[in-house]
Structures are given as structure tokens and as C-alpha cells.
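Q: Pasting a structure below so you can have a look.
The values are calculated or read from the model by the stated rules, or taken from the named source; none is laboratory data. Note that the structure is predicted; figures quoted are calculated from it, not measured. Positions of Cβ are generated from backbone atoms using ideal geometry, with glycine treated the same way; all protein chains shown enter the neighbour counts.
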Amino acid sequence: MTVHRSLFTSESVTEGHPDKMCDGISDTILDAMLAADPHSRVAVETLITTGQVHVAGEVTTEAYADIPGLVRQKILDIGYDSSDKGFDGNSCGVNVAIDAQSPDIAQGVDTAYESRLENALDDLDKQGAGDQGLMFGYACNDTPELMPMPIALAHRLSRRLTEARNSGAIDYLRPDGKTQVTIEYAGDKPVRLDTVVLSTQHADGIDLDKTLAVDVVDKVITPEIAALGLDADEPRRLINPTGRFVVGGPMGDAGLTGRKIIVDTYGGMARHGGGAFSGKDPSKVDRSAAYAMRWVAKNVVAAGLAGRVEIQVAYAIGKAAPVGLFVETFGTEAVAPERIRDGIAEVFDLRPAAIIRDLDLLRPIYAPTAAYGHFGREELDLPWERTDRAAALKDAAKA
């Protein structure tokens with residue numbers, strides 16, 4: 001039988017990419033508010049452009065946050081600390097326009113449909129979803145962390161690029177950068193690294209062919225692909241394929257919160273409900289339910305119930321219980337998908353208050369997720385990456 005071969009590509013960006021700067025700023029503000037008031041309601045959007053940062057949104061909190069100070073420090077931490085790099089956190093303008101959360105939204109979150117109209121007595125029925133919407137979770141056995149290989153490698157390269165800059169191993173690098181990885185699949189198994197594209201901002205006057213390309217291959221690309229466990233003989237390497245990349249960051253492109261949702265999730269290998277994560281507290285199911293779906297999907301694969309799974313959940317604003325749950329196993333299931341779905345419903349409580357409780361989400365844990373992906377980040381010990389319910393799920397699905 002002939003095995004179908006195909007190429008799949010995913011991309012990542014560094015923390016100095018303007019969109020990721022905005023995600024990082026929004027989540028830094030969120031974390032500061034959750035640290036002082038865990039029940040803060042936060043929806044913060046950031047726009048960044050040459051010399052300016054604009055922060056807007058809706059917040060209801062007992063906390064005080066020095067937003068301009070947080071913005072400047074985050075920019076400096078990323079590495080934009082000089083006009084020579086095109087942006088300086090010390091001197092940029094910061095404009096803040098924050099209002100309170102709409103009372104019409106708040107009433108549905110504070111007193112859910114089940115509590116208001118169905119006289120539900122369970123405390124977990126009191127909190128409704130912060131919006132309608134659909135969220136997806138995904139897991140597969142491409143990698144030990146159960147992530148698709150293309151996005152996993154793209155993130156590793158982006159992190160390695162930033163580490164090379166921060167450590168001084170490649171001291172002429174600047175914060176902005178992008179990576180892209182193309183993997184050849186045989187059926188649903190990753191077998192070969194086909195192409196790596198890497199673009200990195202750099203200081204002026206660097207020889208791109210004799211210096212930058214050599215350093216990036218030796219100190220960024222080679223160390224990461226050596227640990228892959230798949231054929232990486234002579235992959236195509238495209239390093240700064242446009243040539244010079246001195247003007248970068250907010251001087252090169254304006255940035256916005258929530259504009260890298262595929263980078264944040266599964267690199268296009270799974271569907272996406274459209275909701276961004278950064279700057280949102282966990283009462284927003286765009287974030288908390290997407291995290292819960294990753295938790296569920298990872299436990300499905302860890303339990304051996306499927307080799308690849310995508311799970312959709314859907315909510316109505318102001319209602320606690322989901323209005324839909326869908327499981328897709330792509331023909332890799334060990335038991336019928338409907339049994340997996342029923343097992344999920346038995347083992348996981350997907351009401352927003354239960355998700356927040358079970359994943360302990362009222363904590364300042366979000367800023368580190370703003371760059372290099374929200375999933376597969378084993379170094380962060382994120383609760384939605386745990387496979388703590390795999391055994392119970394396996395028993396429930398096979399009962």
C-alpha cells in the first residue's frame with residue numbers, strides 16, 4: 001500500500017516581533033492585575049508603532065497597576081532599549097485608555113443563565129461564559145509534548161534565536177525575528193525536515209552570507225534539528241531571504257494584540273475558533289476554554305485513545321454549561337469517537353468556573369505564554385499541559 005506523502009508548514013515569531021510585543025504587554029498588564037486582585041476582569045488590547053504604544057480596553061478590578069511603567073519595562077525586557085534598534089522603552093510614548101467592563105456583560109458572567117432562570121443551586125452554575133464562541137483543542141503524537149512537529153520546531157528555533165541574542169552568542173542580533181518550518185509527512189508521521197526559513201533583525205554592517213548565515217546555522221538551526229529524531233540531511237535553509245533586515249520591530253511594522261493566533265496554537269494543523277488569548281482574564285472562554293480543550297486533547301492522546309485528536313467546545317454568553325462538544329480523531333482512534341466524547345463529558349467539567357478551578361487560572365501565569373506558544377511549553381509547567389486525567393479518561397471511554 002502506497003503511503004501518502006505531503007509537506008506541512010508552520011511559523012513562529014520571536015518576542016520582539018511587533019505583534020508579539022503587544023501580546024506580551026497585554027499579558028504583563030493582566031498578570032499585574034491578577035497578582036493584586038485574582039478576580040480582576042481584564043480585556044486589554046495593545047497597539048504599537050514607531051515610538052508609540054497605545055493600550056486600551058475594559059478592566060474591572062480592585063488592583064492598581066502602573067500601566068505605563070509595566071509597558072516600558074516589558075519593552076526593555078524584550079530588548080528594545082535604544083534608538084539604534086528602532087525603539088526605546090525608556091523614551092517611547094505610552095497612551096492608556098481603559099474603561100470598566102460593560103455591566104451588561106458582567107451580569108451574564110456573575111449570574112449565569114442556569115442560576116437566573118433555572119434556579120440551579122450548584123456554585124459552578126453561577127458563572128456564565130463571558131461570550132459566545134467556539135474553541136478547539138488539539139494533540140498528536142508527533143513529539144513528546146504531543147504537539148505537531150512543524151510548530152514545535154518553529155517555536156524551538158525562535159526561542160533559540162532569542163537565547164543566542166540574549167546570551168551574546170550572536171551579539172549583533174536584534175529582537176525581531178521569524179521562523180518557518182516545512183516537514184514532510186508519510187501518512188500522519190513526520191519523517192523529514194524539508195525547509196527552514198529564518199529571518200532575523202540585525203545590526204547594520206553585518207555580512208549576511210559570511211557572518212549572519214554561518215552563525216545562525218551553527219548556533220541556532222543545527223543544535224535544534226540535531227535533537228529531532230527525523231531525517232534532517234541537507235534541508236533547504238533560507239536565512240534572511242530578503243537580505244538586509246536592520247529596520248524591524250515597531251519601526252518596521254505596527255503591531256496589535258491577538259494577531260498571531262495560529263502561532264499561539266497549533267501552527268495551522270488544527271482549526272481555530274478565532275478568539276485570541278493575550279490580555280484576557282480566564283472568565284473569557286476564548287482563553288480558558290481553549291486551554292481546557294488542549295488539556296482534554298492531550299489527555300485523550302496520553303490515554304492511548306487516539307493518536308491525533310481535535311476537540312471543539314462551544315458556549316453561549318451568560319450560560320455555564322457548554323452548548324456543544326465535538327471530537328474528531330482522523331481515523332486514529334482506539335475506541336469509537338462517541339465513546340471518547342462521552343468519556344470527556346464524564347471526566348471533565350467544562351463549565352467556566354470549573355475550568356478556572358481545575359486549572360487554577362486566577363494566577364499571574366500568562367505573560368510567559370505570550371511568545372513561543374501557549375501549548376507544548378513543558379518548561380513552564382502549565383496546568384493545561386498535564387496528563388493527570390488520562391487514566392480516568394481511559395477507564396471512562398472503555399467502560
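Q: Quick one: ALA227 ticks every box in (1) touching a residue at least 12 places away in the same chain (Cβ under 8 Å); (2) in a loop (DSSP other than H, G, I, E, B); (3) surrounded by fewer than 19 Cβ atoms within 10 Å (Cβ to Cβ) bar one, so which box is it?
A: (1)
Q: Another question, then. Could you list, in sequence order, all residues of the stretch 249-295 that are at pLDDT below 95 and closer than 18 Å to TYR372 by Cβ?
A: GLY249
Q: I would also like to ask the following. Given VAL247, VAL217, which one is surrounded by 13 or more Cβ atoms within 10 Å (Cβ to Cβ), in a loop (DSSP other than H, G, I, E, B) and of a type in the set (Val, Ile, Thr)?
A: Values: VAL217 fails: in a loop (DSSP other than H, G, I, E, B).
Testing whether each residue is surrounded by 13 or more Cβ atoms within 10 Å (Cβ to Cβ), in a loop (DSSP other than H, G, I, E, B) and of a type in the set (Val, Ile, Thr) leaves just VAL247.
Q: Confirm whether GLU378 is touching a residue at least 24 places away in the same chain (Cβ under 8 Å), under 30 Å from LYS178 (Cβ atoms) and surrounded by fewer than 22 Cβ atoms within 10 Å (Cβ to Cβ). Lay out the reasoning, then the answer.
A: On the way: touching a residue at least 24 places away in the same chain (Cβ under 8 Å): yes; under 30 Å from LYS178 (Cβ atoms): yes; surrounded by fewer than 22 Cβ atoms within 10 Å (Cβ to Cβ): yes.
The answer is yes for GLU378.
Q: Given the residues GLU11, GLU62, GLU15, which is the only one that is among the acidic types (Asp, Glu), under 17 Å from TYR366 (Cα atoms), in contact with a helix residue (DSSP H, G or I) (Cβ under 9 Å, 6 or more places away or on another chain) and not in a helix (DSSP H, G or I)? Lay out the reasoning, then the answer.
A: Values: GLU11 fails: under 17 Å from TYR366 (Cα atoms); GLU62 fails: under 17 Å from TYR366 (Cα atoms).
Residue meeting the stated conditions: GLU15.
Q: Another question, if that's okay. Could you list all residues from the stretch 70-108 that are under 30 Å from ARG165 (Cβ atoms) and polar (S, T, N, Q)? It would help to see each step written out before you state the result.
A: Initially, the stretch 70-108 is screened for residues under 30 Å from ARG165 (Cβ atoms), giving 70-96.
GLN73, SER82, SER83, ASN90, SER91, ASN95, listed by residue number.
Q: Another question, then. How many of the residues making up the stretch 168-193 are in a strand (DSSP E or B), surrounded by fewer than 17 Cβ atoms within 10 Å (Cβ to Cβ) and not aliphatic (A, V, I, L, M)? Give the derivation first.
A: Going through the stretch 168-193, the residues in a strand (DSSP E or B) turn out to be 173-186, 189-193.
Restricting the remaining residues to those that are surrounded by fewer than 17 Cβ atoms within 10 Å (Cβ to Cβ) gives 186, 189, 191.
With not aliphatic (A, V, I, L, M) added as a condition, the list becomes 189.
Count: 1.
Table: residues versus (1) part of a loop (DSSP other than H, G, I, E, B); (2) among the small types (Gly, Ala, Ser); (3) farther than 21 Å from HIS272 by Cβ.
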{"residue": "VAL301", "(1), (2), (3)": "no, no, no"}
{"residue": "VAL309", "(1), (2), (3)": "no, no, no"}
{"residue": "ALA321", "(1), (2), (3)": "yes, yes, yes"}
{"residue": "LEU362", "(1), (2), (3)": "yes, no, yes"}
{"residue": "PRO368", "(1), (2), (3)": "no, no, yes"}
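Q: Any idea which residue in the stretch 313-350 is surrounded by the fewest Cβ atoms within 10 Å (Cβ to Cβ), counting only those that are acidic (Asp, Glu) and either in contact with a helix residue (DSSP H, G or I) (Cβ under 6 Å, 6 or more places away or on another chain) or free of Cβ contacts under 8 Å to residues at least 40 places away in the same chain (or both)? Let's see the steps before the verdict.
A: First, the residues of the stretch 313-350 that are acidic (Asp, Glu): 328, 333, 338, 342, 346, 349.
Right, trim to either in contact with a helix residue (DSSP H, G or I) (Cβ under 6 Å, 6 or more places away or on another chain) or free of Cβ contacts under 8 Å to residues at least 40 places away in the same chain (or both) and you get 328, 333, 338, 346.
Working: GLU328: 18, GLU333: 20, GLU338: 11, GLU346: 14.
That would be GLU338.
Q: Please state which one of ILE67, ILE48 is β-branched (Val, Ile, Thr) and either surrounded by fewer than 20 Cβ atoms within 10 Å (Cβ to Cβ) or within 24 Å of LEU161 (Cβ to Cβ) (or both). Quick ask: steps written out before the conclusion?
A: Numbers: ILE67 fails: either surrounded by fewer than 20 Cβ atoms within 10 Å (Cβ to Cβ) or within 24 Å of LEU161 (Cβ to Cβ) (or both).
Answer to the check: ILE48.
Q: Just to check your reading of the model, which residue among GLY307, GLY343, GLY318 is among the small types (Gly, Ala, Ser) and at positive phi?
A: Numbers: GLY307 fails: at positive phi; GLY343 fails: at positive phi.
Among GLY307, GLY343, GLY318, only GLY318 is among the small types (Gly, Ala, Ser) and at positive phi.
Q: Looking at the stretch 351-374, is at least one residue buried (at least 16 other Cβ atoms within 10 Å of the Cβ), charged (D, E, K, R) and over 18 Å from the mean Cα position of the chain (by Cα)?
A: Yes, that holds for at least one residue.
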